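What follows is a single structure, written as structure tokens, with notes after it.
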Amino acid sequence: RRKQHCLLKEPAKEMKLKLVKSLWGMEGTLAENVRRIAEAGYVAIEAQVPAPDQLPEFVGLLRQHNLEFVAMVITDGKTPADHFTSFRAKIEKARSLEPLQITVHGGKDWWPYELQKEFFAEALEVEQQIGLPVNHETHRGRPMFTPSATARLLREFPELYINADFSHFANVCESLLEDQAKDMALCIARARHLHGRIGHEEGPQVNDPRAPEWSAQIAAHFGWWDEIVRVRLKAGAEIFTFNPEFGPPNYMPTLPHTRQPMADLWEICLWVARRFETRYCEVTAQQNR
């Protein structure tokens, strides 16, 4: 398995990078996908808890390939009560697998602020009870869908942490957020996990981040990610988790009529992971000089 090599000279404190891969969009059998992830050098898989009939195979494959698990909890339902109920039930299922941490898509963007506060207050109580890091994803359709909406909740709850997927912010705000520095600084300060998708002003995912026409968007996202790494280093974090979470169609743009993806999803994720790994080593080296 490929190992990370950061050329640090006696670092004051090492923060270990853990590259995480989502199963989202992967083709093939579960066994094939897990093996491919492990062989590429990822150290964890991020996914929702599998269905009961698939769970034994999933757990066995994680153990076989020495991979950790980052659990995804996605609340759903027609009413707020449904979301609260599904949150509690899915957290318990995730907890039983002893994940490294939990990523939550929770609630809805249309909820009144008082209801949002009720949801996140309960989420913090649950996090304290289970003793596992719970990170709430910044995502369209959820309460944390813009920098300002997220920052408002973070100011309300000083112990609340996020999974930063700032591609959604760029899309929803139709900008690279140059005019929202104060709120972005707070979001960066509370980020404890990263979904490394590169979005743009008109969509949550560029067609191919290797293409030169996306240089401004790449620079913006990597700038935010670099700063998150610096903040976590200063906080004395022991690990840093990064998932290059690009998605399949319809996240991935396709050619008209044929619906053929415009780029290879696996290769894009790997390219972003490798580039982030290099930047991570550079940032940590600078911080420890």
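The values are calculated or read from the model by the stated rules, or taken from the named source; none is laboratory data. Predicted model, so just to flag it, every value in this text is computed and none were measured. Cβ coordinates were reconstructed from backbone atoms using ideal geometry, including for glycine residues, and neighbour counts include every protein chain displayed. Surface accessibility is based on the protein's heavy atoms, side chains included, excluding ligands, DNA and RNA. Shrake-Rupley method; radii C 1.70, N 1.55, O 1.52, S 1.80 Å.
Packing-based ranking of 159-168, 111-120, 253-262 yields 159-168, 111-120, 253-262, ordered from highest to lowest mean Cβ neighbour count within 10 Å.
When the charge dipole of the chain is built from unit charges on Cβ atoms (+1 for Lys and Arg, -1 for Asp and Glu) and taken about the Cα centre, the candidate among Val20, Pro249, Thr79 whose Cα reaches farthest toward its positive end is Val20.
Note: relative contact order over segment 50-165, using C-alpha pairs below 8 Å and six or more positions apart, is 22 percent.
For Phe69, the amide hydrogen comes within under 5 Å of the amide hydrogens of Ile45, Leu100, counting only partners 5 or more places away or on other chains and with H modelled in the peptide plane. Compactness of segment 161-240, taken as the C-alpha radius of gyration over 2.2 N^0.38 Å, stands at 1.08. Among Gly131, Pro158, Gln260, whose Cα projects farthest towards the positive end of the dipole of the chain, with charges put on the beta-carbon of Lys, Arg (+1) and Asp, Glu (-1)? Ranked along the dipole, the leading option is Gly131. Restricting segment 180-289 to GluC sites (Glu not before Pro) that sit in a DSSP loop and have at most 15 other Cβ atoms within 10 Å of their own Cβ leaves Glu201, Glu202, Glu238.
In terms of its alpha-carbon gyration tensor, the chain comes out rounded; the largest-to-smallest axis ratio a/c stays below the 1.5 threshold.
Rounded to the nearest 20 debye, the dipole size of segment 136-289 about its Cα centre is 400 debye, using +1 on the Cβ of Lys and Arg and -1 on the Cβ of Asp and Glu. Accessible-area rank, largest first, for Arg140, Arg152: Arg152, Arg140, with all protein chains present and a 1.4 angstrom probe. Note on the chain: with a GNM built from Cα contacts shorter than 10 Å, the maximum mean-square fluctuation among Trp271, Trp225, Trp110 falls on Trp110.
Rounded, prolate or oblate: pick one for segment 20-164, where a ≥ b ≥ c are the square roots of the eigenvalues of its C-alpha gyration tensor, a/c under 1.5 means rounded, and failing that, prolate if a/b is larger than b/c, else oblate. The shape class here is prolate. The relative contact order of the chain, computed from alpha carbon pairs under 8 Å that lie at least 6 residues apart in sequence, is 19 percent.
Name the shape class, rounded, prolate or oblate, that the alpha-carbon gyration tensor gives for segment 168-207, where a ≥ b ≥ c are the square roots of its eigenvalues, rounded holds for a/c under 1.5, and otherwise prolate holds if a/b is larger than b/c and oblate otherwise. Verdict is oblate for segment 168-207.
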